[in-house]
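First the structure, in the form of structure tokens, and then the observations on it.
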């Protein structure tokens with residue numbers, strides 16, 4: 001018994017140390033996967049690759065602006081059903097649109113275009129200020145939120161894509177946007193409030209040009 005007593009003390013002491021300072025932690029597979037993804041995901045690199053390899057190659061899939069605007073004018077709800085995309089359960093939705101229009105006004109944050117035949121008022125407003133929404137990420141339908149279990153990564157993609165628009169698209173657009181000029185555009189519009197976002201349709205440009 002006397003021989004066993006020191007061993008019992010050692011076992012109890014060792015158990016206490018292991019309880020206080022465990023040699024390993026049990027981490028759920030989901031959490032481990034998310035932590036690994038967060039540690040390796042680079043939104044800027046992802047956005048650059050997505051931009052060049054997928055986004056620019058999908059521009060011919062955009063809805064024609066004159067058709068979309070006419071549909072919105074006739075019945076916004078039906079236009080939404082036919083042309084829009086939405087992510088998850090969000091109430092906001094997006095349009096992927098292309099067309100050309102005549103510049104009617106130019107401001108610091110947007111360039112207003114008349115698009116449909118005979119129009120003289122602003123129907124599309126190309127956004128040239130700082131970007132904060134998810135129009136480019138969500139507008140084309142090329143990215144699926146379910147592929148990104150870490151919501152921070154999905155949000156970071158938006159920020160990186162917006163930065164590409166701000167640095168690559170907007171500066172050139174501002175240079176050529178003069179009253180009366182004709183601008184060709186492809187872009188995405190995010191509608192959060194139909195009373196303000198549809199007339200004019202606020203489009204984040206992905207590609208622009210002049211005739």
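Return the distance in nm (one decimal) between the two label points of a simple spin-label model at residue 196 and residue 48, each offset 7 Å from Cα along Cα→Cβ.
Spacing of the two 7 Å Cα→Cβ label points: 3.6 nm.
Using 0.36 nm per residue, how much length does the chain from residue 121 to residue 82 gain when fully extended, once their Cα-Cα distance is taken away?
Numbers: separation 39, 0.36 × 39 = 14.04 nm, distance 2.48 nm.
Roughly 11.6 nm would be gained on extension.
For residue 40 and residue 167, what is the calculated FRET efficiency with R₀ set at 30 Å and r taken between the beta-carbons, to the nearest 0.05? If you can, show how the numbers build up before the last one.
On the way: r = 25 Å, r/R0 = 0.82.
That gives a FRET efficiency of 0.75.
Counting DSSP beta bridges in segment 45-210, what percent are antiparallel, to the nearest 5?
Numbers: 27 of 32 bridges.
If I count the DSSP bridges inside segment 45-210, around 85 percent turn out antiparallel.
Between segment 184-211 and segment 57-129, how far is it from one alpha carbon centroid to the other, in angstrom?
Segment 184-211 and segment 57-129 have Cα centres spaced 5 Å from each other.
What is the log10 of I(q)/I(0) for segment 132-211, computed with the Debye formula using one identical point scatterer on each Cα and no solvent, at q = 0.24, 0.27 Å⁻¹?
One equal scatterer on each Cα of segment 132-211 leads to -1.19, -1.29.
Given 0.36 nm per residue, what is the gain on full extension from residue 59 to residue 155 after removing their alpha carbon distance, in nm?
Working: separation 96, 0.36 × 96 = 34.56 nm, distance 2.25 nm.
Using 0.36 nm per residue and subtracting the Cα-Cα distance, I get 32.3 nm.
Rounded to whole Å and sorted largest first, what semi-axes of the equivalent ellipsoid does the C-alpha gyration tensor of segment 45-210 yield via the square root of 5 times each eigenvalue? Present the calculation step by step, with values, prior to reporting the outcome.
Details: eigenvalues 120, 73, 34 Å².
The equivalent ellipsoid of segment 45-210 has semi-axes of 24, 19, 13 Å.
Before anything else, pin down the relative contact order of segment 45-210: Cα pairs under 8 Å, at least 6 apart, normalised by residue count, whole percent.
Details: 295 pairs, mean separation 44.9, N = 166.
Dividing the mean separation by the residue count of segment 45-210 yields 27 percent.
Every read-out reported here was derived from the displayed coordinates using simple, explicitly stated rules and does not represent laboratory data. Keep in mind that this is a model prediction, so the values were computed, not measured. Virtual Cβ from ideal backbone geometry, glycine too; neighbours counted across all protein chains shown.
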